[in-house]
Amino acid sequence: MRVKCTGRVDVSDILQALRDGADGVGIYACHKGECDFETGNLVAERHVNAVKFMLQRSGFDPDRVGIFFMSAAEIDRFMRATNEFVAKIKALPPNPLKMDKARGLNVVI
Amino acid sequence: MKWMATEMVAEEMHPEHVRQLPLLLHAARSFRIRCLVDAKADIEKAGALDGNEYDDMLGTLLDEEVRKAAILREIEAAGCGVNLEGLAQKGQSLGIPGKAAVAAAFQLAFEGFVRCDLDGPDAVSFTFVTEDSSKIQPVYVPVKVVDEGKACSGCGACQAVCPVDCISVDDGKVTIDMDRCIRCGLCLTACPRALLPRKAMEWAMMDKPATPEDLKTGVITEAWCARITREDLRPLVQDGGVSSALLIHAFESKAIQAAIGAARAGGVPWKPEAIVMKGVPDVVRAAGTKYVNTPSMRLLRIVKRERAIAVVGTPCMMQALRKAEVYPSGTVDVGNIKYRIGIFCMESFTHAGIKQLCEGTFETPLDQVRKMNIKEGQFFAYPTSGEPKSASMKDVTKLARLSCHCCHDLTSELADVSVGSIGSPDGWNTVIIRTSAGKELFDAAVQSGLIEKRPIDEVQPGLPLVKKLSFAKKRSYEKTEAKRVEEKGYHPAYFLKLPPPPPPKKKEGAPVQADGT
């Protein structure tokens, strides 16, 4: 899915990714205050926080979702953030919905 | 490392969780949740809720949406019409209380995810329509539609639930600051005049399905004729003073910390104000019927932190309280309401209406009226000096609020205990006990000697008159309802355009069975 701005990424988009079996969802947004559309990255942050809140409430690990602020030129920052995030996700158990699919079982509901 | 992972998998792999995520996704797509997530900054700016309260609200509504999504799946899985009992059973197998499952189904029908069919005068079934949120019409419009439809009861519940505090209710009129409104629709969720499925309400009250008899008169477990025994209070109270006595007893026995009611206060004569009563002196101040509508439910948020409260109010307020029980709004929690004392209400007036009546018809300035009463088809006003003035109710009804004509409830059918003068002699009250909480309160007050009672069968005209008038109000409501549906295509209690009639049933299919088999 191509989006013009992280502000377009909705709560339901992130949850859809998790529902389809993603182990984690990372969102890379521009630095705060440097958004081309003024508040796009702040909107994204709000959505991510809402997803974290929802996951926590339903017994999932909120760390499966992360948001990182950086500019396109900061490759080292990108690598560091991604490595940390991936390490964190790898420490978590795989997404149960993906496992069900891999086993060829019908996902309950 | 591997065993550790397995252990953690087991924790998150719990079937509950596997089921939860798709439901969560459905909940997150709901109009309400999206709106409240996006309007977080506005809500914080309005200052009505702090961060924790916002989280509580979002969490409560999220749980509610997840419950609704689960019920929607159940209805879809059933394939054909599911009736209320079947729904409650399915709900219970998912860990959802029967009353919540029924209420959720009615809301799903309201939103358009399922279709609600009337299989007969008392039977309802739900059929799956769609699960795509983008295909339904968002119904979360501000409560303004109810006001514009001349149906607002002026109870003030919408003001209490608004997360941005943009609603104010005064003298039966709703004012919404549309610049601040975030269109979350919580006000419509709280409004007793928009989506009030009576079956679900009766269920919420008794925790079991309502019988056709209950739907006619409300639940009557016991009925008594009663009055307050304290001689010093009799001149202050309206008839028998039972509602005041119940509150006094509840305060004296420390069963409640606060109560919501209306009192004649402030500078304008006969313009009551909603007050939070904290003790017996406040109850004495609030005694007596006011006849002018008061938005007392707006105080619900103020008493949120009290441990146990009682609410005295008209039938529409009782409807709002029961509605809040099964349709949580997150901003107001009605879990701490211990006693709901409903009063009989045929209709209420605006302050302007009562002023016109007293100054026009009775030629008495409002500040010289000591007491008002309705007895035997006559409206009485007692001036501070001189003879009481009276007028026929037929003439007075014209001055009543229009919205009171789309109310079907005379006897506060959803209260714990209903109190009124209809059916009892002068100076006595008819008391209808409807729930165990109401019985507990009334019995304790009788035992403490604050209330004297006698069986309702011994007095004339007794319960038959109450039932007769209650039916009359329902009939007039049905007439109003039919007229409005005919004129506008609107259902007065739903305020939505009625769906087109369902297509004729396919011939090869067996007729849809209501029991969900």
Does any residue of the stretch B:393-412 turn out to be surrounded by 21 or more Cβ atoms within 10 Å (Cβ to Cβ), in contact (Cβ under 8 Å) with a residue 24 or more places away in the chain and on the phi > 0 side of the Ramachandran plot?
yes
What's the number of the condition residue B:490 fails, among (1) assigned by TED's automatic domain parsing to the domain that holds residue B:397; (2) in contact with a helix residue (DSSP H, G or I) (Cβ under 8 Å, 6 or more places away or on another chain); (3) at pLDDT below 85?
(1)
Being crowded, with 19+ Cβ neighbours inside 10 Å, modelled with pLDDT under 90 and under 25 Å from residue B:245 (Cβ atoms) is true for just one of B:463, B:450, B:469. Which residue is that?
B:463
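So that you can scan it fast, the table gives a plain yes or no per residue for (1) touching a strand residue (DSSP E or B) at 6+ places or on another chain (Cβ under 8 Å); (2) closer than 15 Å to residue B:25 by Cα; (3) not in a helix (DSSP H, G or I):
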| position | (1), (2), (3) |
| --- | --- |
| A:2 | no, no, yes |
| A:12 | no, yes, no |
| A:15 | no, yes, no |
| A:36 | no, no, yes |
| A:47 | no, yes, no |
| A:51 | yes, yes, no |
| A:79 | no, no, no |
| A:82 | yes, no, no |
| A:86 | no, no, no |
Going through the stretch A:7-25 in order, the residues found to be under 15 Å from residue A:82 (Cα atoms) and surrounded by 18 or more Cβ atoms within 10 Å (Cβ to Cβ) are A:24, A:25
Given the criterion among the β-branched types (Val, Ile, Thr), touching a residue at least 60 places away in the same chain (Cβ under 8 Å) and under 30 Å from residue B:179 (Cβ atoms), identify the matching residue among B:33, B:43.
B:43
Out of everything in the stretch A:60-93 that is within 14 Å of another protein chain (Cβ to nearest Cβ) and surrounded by fewer than 14 Cβ atoms within 10 Å (Cβ to Cβ), what residue ends up being modelled with the highest pLDDT?
A:87
Tally of residues being at the interface with chain A (Cβ under 8 Å from one of its Cβ atoms), crowded, with 17+ Cβ neighbours inside 10 Å and farther than 27 Å from residue B:135 by Cβ across the stretch B:41-76:
0
Here are some residues: B:238, B:257. Which one is surrounded by 16 or more Cβ atoms within 10 Å (Cβ to Cβ), more than 25 Å from residue B:153 (Cβ to Cβ) and either among the polar types (S, T, N, Q) or not assigned by TED's automatic domain parsing to the domain that holds residue B:346 (or both)?
B:257
Give, as residue ranges, the helices (runs of 4 or more DSSP H) completely inside the stretch B:1-96 that count at least 2 residues that are at pLDDT 85 or above.
B:15-28, B:31-38, B:40-46, B:51-78, B:84-93
List, please: which pairs have Cβ atoms under 8 Å, are six or more places apart or on different chains, and start with a residue in the stretch A:50-74 that is hydroxyl-bearing (Ser, Thr, Tyr) and end with one that is assigned to a helix (DSSP H, G or I)?
A:58/B:17; A:58/B:20; A:58/B:21; A:58/B:24; A:58/B:66
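With the requirement that a residue be more than 19 Å from residue B:302 (Cβ to Cβ) and modelled with pLDDT of 90 or more, what does the stretch B:257-280 give you?
Within the stretch B:257-280, the first condition is being more than 19 Å from residue B:302 (Cβ to Cβ), and the residues that meet it are B:264, B:267-271, B:280.
Scanning the stretch B:257-280 gives a single hit, B:280.
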Within the set of pairs 6+ apart or on separate chains, which have a first residue in the stretch B:357-383 that is within 17 Å of residue B:265 (Cα to Cα), a second that is of a type in the set (Gly, Ala, Ser) and outside any helix (DSSP H, G or I), and C-beta atoms under 6 Å apart?
B:369/B:381; B:372/B:381
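The values are calculated or read from the model by the stated rules, or taken from the named source; none is laboratory data. For clarity, every value in this text was computed on a predicted model and none was experimentally measured. Glycine also receives a Cβ, built like all others from the backbone with ideal geometry; neighbour counts cover every protein chain displayed.
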